[in-house]
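Have a look at the structure below, then the notes.
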Amino acid sequence: MYAVVGCSECSALWVVSGRPETTQCPRCGQRRKHAKRRKFVETDDEAHAREVRASMLANRQGHGEDFAELDSFAEMDRQIEESGVDDETYLEASGIDSDAVAAAGDRAERGATSGSSRKETVLTALRELDSPTQDEVVSYAAERGVPADYAEKTLAKLVRAGEATESRGTYRLL
């Protein structure tokens, strides 16, 4: 359920999803019970709620007739998709490998959601691998988007700092 609601303090309009206990005005910050908010429309369709809000804002600005001449949001989205160049075509035309960009995006998302820094990735490799060698740690880190030279330098720094040891090519955290 979606509702277009208004603020009694500043007259802001926004779309609320569901039926929360309270709502807070995005403009002035006034918090009120949702049941007490004025609801201009309630609908199961989010796009319809967005259209109603946009229409109300256009009418406030004296552009109601202009807004009525526009297509719906869904139709405008479709027109944009048909008229523009997709991201892959644009990147390829610019000389950028779109597969590499997609892979970098995937790596960035994995890193962002796991909260792991590059150093933490190297430390995790040392914890999880059985008798890890430099090549195994570098490979583990590379699979998670950490450059090989960074992994090698981090291993050397960990040994120098006394946080890890290296014996006969095998690393161990202390």
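Observations
Yes/no per residue for (1) of a type outside the set (D, E, K, R); (2) open to solvent by 80 Å² or more (accessible area, probe 1.4 Å); (3) over 26 Å from the mean Cα position of the chain (by Cα); (4) under 30 Å from Ala164 (Cα atoms):
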| position | (1), (2), (3), (4) |
| --- | --- |
| Cys25 | yes, no, no, no |
| Gly29 | yes, no, no, no |
| Thr43 | yes, no, yes, no |
| Ala49 | yes, no, no, no |
| Glu81 | no, yes, no, no |
| Arg107 | no, yes, no, yes |
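- Single condition Ser72 does not satisfy, out of (1) loosely packed, with under 11 Cβ neighbours inside 10 Å; (2) modelled with pLDDT under 90; (3) of a type in the set (S, T, N, Q): (1)
- When Asp86, Asp77, Asp66 are checked against the criterion of being touching a helix residue (DSSP H, G or I) at 6+ places or on another chain (Cβ under 8 Å), under 30 Å from Val15 (Cβ atoms) and loosely packed, with under 13 Cβ neighbours inside 10 Å, a single residue qualifies: Asp66.
- Tyr171 aromatic (Phe, Trp, Tyr) and part of a helix (DSSP H, G or I): no
The values are calculated or read from the model by the stated rules, or taken from the named source; none is laboratory data. The shown structure was predicted, so the numbers you read here are calculated from the model rather than taken from an experiment. Ideal geometry is used to build each Cβ from the backbone, glycine not excepted, and the neighbour counts take in all protein chains shown. These area figures cover heavy atoms from the full protein model, side chains too; ligands, DNA and RNA do not enter into them. Shrake-Rupley method; radii C 1.70, N 1.55, O 1.52, S 1.80 Å.
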